[in-house]
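Here is the structure we will look at.
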Amino acid sequence: MQHTRFFFHGLLLLVCVASTTAALAQNNNFVEPPPWAEVMQAPPAAFNLDKLIPVANPTRSNLSYSVAPDTVSVGPDKVVRYVIVAKSPRGAMNVLYEGVRCDTREVKAYASWRLDSGWRELSDPQWEELRNANSRYAQTMSDDAFCDVRIVYGSAEDIVQRLRKASKPY
C-alpha cells in the first residue's frame with residue numbers, strides 16, 4: 001500500500017514537472033512588443049466653440065471646462081487628443097490642445113490657441129501624471145470617457161458619446 005502511494009506521488013510530481021516545462025517552453029515564443037513611440041499630430045485647423053461639451057471641474061476653480069467634440073481623436077499611438085476650452089465667469093477663454101495616454105495615466109499639453117494668432121506650440125511639452133497634473137479635468141475626462149482602466153475606450157466617436165453622457169446631470 002505504501003509503495004502504491006509513493007508511486008502515485010511520484011507520478012503526480014512527474015506530471016507537474018512536465019506541465020511546468022511545457023508552459024515555460026511556450027513562454028519562450030513570446031515576442032516583446034516594440035517600445036511605445038509618440039506620433040506627433042498638429043492641432044486641428046479649426047474647431048467649433050458653439051458645440052462644446054461641458055466637463056466636470058473637481059477643483060474649486062471658477063473656470064468652466066468644455067471639450068470641442070470635433071477635435072477628439074485617437075491616434076495610432078493610442079493617445080486621445082482633444083481641444084479643451086477653459087472659460088472664466090467674465091468670459092476670458094484659454095484654449096489648449098492636449099493628449100491623454102491611458103496606458104500610463106498621463107496628460108500632455110501640446111499647444112495653446114489665441115483668437116488673434118491661432119495655435120502656438122508649447123516649448124518642450126512633457127507628459128505629466130494625471131493625478132499630479134494641474135488639469136484635474138483631464139483626470140475626470142480620462143475616468144469618465146477616455147480610458148477603461150489603462151486602455152482607450154474605443155473610437156473618437158465612442159469617446160464623444162461617453163463625454164456627452166458624462167456631462168448630463170443625474
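The values are calculated or read from the model by the stated rules, or taken from the named source; none is laboratory data. Nothing here was measured: the structure is a model prediction, and the numbers come from that model. Backbone-built Cβ (ideal geometry, glycine too); neighbour counts: all protein chains shown. What goes into the accessible areas is simple: the full protein's heavy atoms, side chains included, and nothing from ligands, DNA or RNA. Shrake-Rupley method; radii C 1.70, N 1.55, O 1.52, S 1.80 Å.
Go through (1) open to solvent by less than 30 Å² (accessible area, probe 1.4 Å); (2) hydrophobic (A, V, I, L, M, F, W, C); (3) part of a strand (DSSP E or B) and name the single condition residue 163 misses.
(3)
Name the residue, out of 76, 44, 125, that is over 16 Å from residue 166 (Cα atoms), open to solvent by 80 Å² or more (accessible area, probe 1.4 Å) and not polar (S, T, N, Q).
Only one candidate qualifies: 76.
So which of 131, 114 is surrounded by fewer than 20 Cβ atoms within 10 Å (Cβ to Cβ) and under 14 Å from residue 43 (Cα atoms)?
Answer to the selection: 114.
What number of residues in the stretch 134-160 are open to solvent by 70 Å² or more (accessible area, probe 1.4 Å), in a helix (DSSP H, G or I) and aromatic (Phe, Trp, Tyr)?
0
Scanning the stretch 79-100 for residues that are among the small types (Gly, Ala, Ser) and not in a loop (DSSP other than H, G, I, E, B), which turns out surrounded by the most Cβ atoms within 10 Å (Cβ to Cβ)?
Among those residues, the one meeting the criterion is 99.
Could you give every pair whose Cβ atoms fall below 8 Å, whose first residue belongs to the stretch 78-101 and is at positive phi, and whose second residue is part of a strand (DSSP E or B) and open to solvent by 20 Å² or more (accessible area, probe 1.4 Å), counting only separations of at least 6 or pairs across chains?
78/101; 78/151; 78/152
So, in the stretch 55-73, of the ones that are polar (S, T, N, Q) and open to solvent by 40 Å² or more (accessible area, probe 1.4 Å), which residue ends up modelled with the lowest pLDDT?
Top of the filtered list is 59.
Being assigned to a strand (DSSP E or B) and among the basic types (Lys, Arg) is the filter; apply it to the stretch 101-115 and report the residue that is farthest from residue 153 (Cα to Cα).
Looking at residues that are assigned to a strand (DSSP E or B) and among the basic types (Lys, Arg), I get 114.
Could you tell me which residue of the stretch 28-53 is nearest to residue 116 (Cα to Cα), considering only residues that are of a type in the set (Phe, Trp, Tyr) and in contact (Cβ under 8 Å) with a residue 12 or more places away in the chain?
Looking at residues that are of a type in the set (Phe, Trp, Tyr) and in contact (Cβ under 8 Å) with a residue 12 or more places away in the chain, I get 47.
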